[in-house]
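One structure, pasted below without further comment.
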Amino acid sequence: MLFFGLAYELRWSVLWTEGHGGWILEGILTTLKLSALGWIIACLLGMLFGAMRTAPVRIVRWAGAAYVECFRNVPLLVWLFFWYFGAPQVLPQSAQEWLNRHGAEFWSAVAGLSVYHGARMAEVIRAGIQSIPRTQFEAAVSTGLSVVEAYRYVILPIALRLIIPPATNESLNLLKNSSLALTIGVAELTFMTRQIETYTARAFEALTAGTLIYLVLCLGIASVMGQVERSFRIPGLIARVGGAEH
Amino acid sequence: MVCRRSMRGVVLLWVTLGLSVWGVGHASAETTLEKIGRTGVFTVGTRTASPPFGFINKQNEWVGFSIDLVKLVHATIEKKLGKSIKFELKESTPATRIPLLSSGAVDLIAGTMTDTRSRRDSVDFSLTFFATGAQLLVKKGSPIRGVKDIAGKRIGAQQGSTNERIIREKYPQAQLVVFPDQPAAFTALAQGKLDAYTNDGIQLAGLKAKAPNPGGWEIVGEFYSYEPYGMAMRKNDSDFRAIVNNTLMEAIEGGEYFTLYDKWFGLKGEVPYPMSEPVLAFLLMQVVPK
């Protein structure tokens, strides 16, 4: 039988011999670090701007919408190039040099990932907030809470629970999109698998390893998020998710 | 039911995939010449940003020294097959070229690929059609004068290139930053994100010639590697390899090679780079008698 129309003998040992195992581990660590930082910032940005898009003040809503439209409508790759090659250009020389000595590649990637996914996360959170009946907000305000307090103590806690499934989706996308960071010289997981591929010319083995590692990472995150969803659900409000068991 | 059927489909897919992987090694694929004859297309992988070997010029045409040489190979193939064959170019980078070749997406790599013993494990090479060595590109006046000065400095390289590997293995004190393509690395260098960019001397000369301000750049250091460029093809296809090699030998013997060399590397060429005496002698001696 033919595979890609040519003879090809598999040699999986290239994945761990000659220090390649160390490369893969380093790649996984960088990918996780990049994604975790990106995720935390994206969530904070998402909560802020998602809430702003539903605020009762028009100018605040506009500011939220401006952020979302600006950052989600430009390809992530362009944002990465922008934060790495573009943005530092306007900084003073000394700041640029400082950045270059302290991993400009990595932090540009964190910036790119978090603002892009922050915008997408904001839409998810807005959808969550808007699915809560307006009366809930009115009731909260009528108890004497300020608008910010009503969001902080009533609306967001419910919305954040409601949006766990789409937010899981976004988080997985963020992890997978972190692979684009290789274009600006960040040695993350995809970079490392390609590195092995170029050193050994074993494309099938190297890329299969990369595929499986992403799969495992994503399944891991999805199961953690599932756990979070179950343990934080509000009985009677979103407990319907358990209905499938019956 | 639907669910079960699709499940079975998935299992079947994996089994087929597994079997095909298992079955490799016993395959007898068609030769490159047969493939070209059958499809009527000769596909070559080359560079888009490595002047003057393969690059997009100001008129937006894909041209270069390697491309001109491979056009000679195309003519030989047409003569051999006795019919007109379509000539197609595809972009290949150091990271993608071997997979492109192995998968059959291209039939020949003619760019700036260094012939090495370890690469010969996966592909076959033609004669050497250009010889150069790795150096460093730095801003004029940089304290870096060669590889001896790169400890602690940020050195850019291209992923999958031979010099990236040498820096990684022999100069671990240097901070290596690896980019998938040359334009990104050069922008990073121009912006001061890198202290030096390393590649083969001739490629650096090409980059320098193409830069907005060629006088602001310097190519420094002795060759710290030997980089003989060859065209790469799928392994164990000696008929095809003979076509490529004979074409190159005839071009060197008949002088077309030197006309092309002058077109690209002459004083009025894209990247002026006079041929040294040893390189000339080496090229001529690669030509075996008829």
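Helix B:2-23 sits at what angle to the longest principal axis of chain B, using alpha carbons and giving 0 to 90 degrees rounded to 10?
With both axes taken from Cα atoms, the answer is about 70 degrees.
So if we plug the beta-carbon distance of A:Ile40 and B:Gln173 into 1/(1 + (r/R0)^6) with R0 = 35 Å, what FRET efficiency do we get, rounded to 0.05?
0.55
Output the 0 to 90 degree angle, nearest 10, between the alpha-carbon long axis of helix A:203-232 and the longest principal axis computed from the alpha carbons of chain A.
So the inclination is approximately 20 degrees.
Residue by residue through the stretch B:237-248, which ³J(HN,Hα) values in whole Hz follow from phi under the Karplus form 6.51 cos²θ - 1.76 cosθ + 1.60 (θ = phi - 60°), with glycine and proline marked x?
These are the phi-based 3J(HN,Hα) values: 9, 5, 5, 5, 5, 5, 4, 5, 5, 4, 4, 5 Hz.
On to the next question. Give me the number: length gained by fully extending A:Leu25 to A:Ala139, i.e. 0.36 nm times residue separation minus the C-alpha to C-alpha distance, one decimal in nm.
This chain segment gains 35.9 nm when fully extended.
Give the calculated FRET efficiency between B:Trp62 and B:Phe258 to the nearest 0.05, with a Förster radius of 30 Å applied to their Cβ-Cβ distance.
0.85
Find how much the distance from A:Ser146 to A:Ser231 grows on full extension, using 0.36 nm per residue of separation minus their present alpha carbon separation; answer in nm with one decimal.
Gain on extension, A:Ser146 to A:Ser231, equals 27.7 nm.
Another question about this same structure. Looking only at other chains, what is the average number of their beta-carbon atoms within 10 angstrom of each beta-carbon in A:176-186?
Counting Cβ atoms of other protein chains within 10 Å of each residue's Cβ and averaging gives 3.
On to the next question. Cα-based count: Lys pairs in the stretch B:134-220 below 13 Å, eight or more positions apart or different chains?
5
Within 10 Å of each Cβ of B:134-145, how many other protein chain Cβ atoms are there on average?
Taking the mean over all residues of the peptide, I get 0.
OK, next. Could you list A:Cys218, A:Cys43 so that the one with the fewest beta carbons within 10 Å of its beta carbon is first and the one with the most is last?
Going from least to most buried by this count: A:Cys218, A:Cys43.
Average partner chain C-beta neighbours within 10 Å, per residue of B:176-184?
4
Divide by every residue of chain B the summed helix terms, -39500 (n - 2.57) for each DSSP H run of at least 4, and state the resulting mean residue ellipticity at 222 nm, rounded to the nearest 500 deg cm²/dmol.
Using -39500 (n - 2.57) per qualifying helix, the result is -12500 deg cm²/dmol.
Same structure again: Given the options A:Cys70, A:Cys218, A:Ala206, identify the residue whose Cα lies farthest towards the positive end of the charge dipole of chain A (+1 on Cβ of Lys, Arg; -1 on Cβ of Asp, Glu).
Most positive-ward Cα: A:Cys70.
Helix B:277-286 versus the longest principal axis of chain B: what angle, 0 to 90°, nearest 10, using Cα atoms?
Orientation of helix B:277-286: about 20 degrees from the principal axis.
Moving to a separate point now. Could you state the number of Å between the C-alpha centres of the stretch B:32-87 and the stretch A:38-67?
Value for the Cα centre distance between the two parts: 53 Å.
While we're here: Could you give the distance between the Cα centres of the stretch A:207-221 and the stretch A:182-206, to the whole Å?
Comparing the Cα centres of the stretch A:207-221 and the stretch A:182-206, I get a distance of 15 Å.
Kindly give the semi-axes, whole Å and largest first, of the ellipsoid equivalent to the stretch B:134-220, taking each as the square root of 5 times a Cα gyration tensor eigenvalue.
After diagonalising the Cα gyration tensor, the semi-axes are 18, 14, 11 Å.
What is the distance, in nm, between label points placed 7 Å from the Cα along the Cα-to-Cβ direction at A:Ala87 and at B:Thr116?
So the two model labels end up 3.5 nm from each other.
Pop a pseudo-label 7 angstrom from the Cα along the beta-carbon direction at both A:Leu215 and B:Ser142 and give the gap in nm to one decimal.
4.3
Further, regarding this structure: If each residue's Cβ is checked for other Cβ atoms within 10 Å, how do A:Glu123, A:Glu69, B:Glu277 rank with the fewest at the top?
B:Glu277, A:Glu69, A:Glu123
A short reminder: the numbers here are calculations on the coordinates, not readings from a lab. Here the structure is a predicted model, which is why all the values come from computation and not from measurement. Neighbour counts are summed over all protein chains in view; Cβ atoms, including those assigned to glycine, are modelled from backbone coordinates with ideal geometry.
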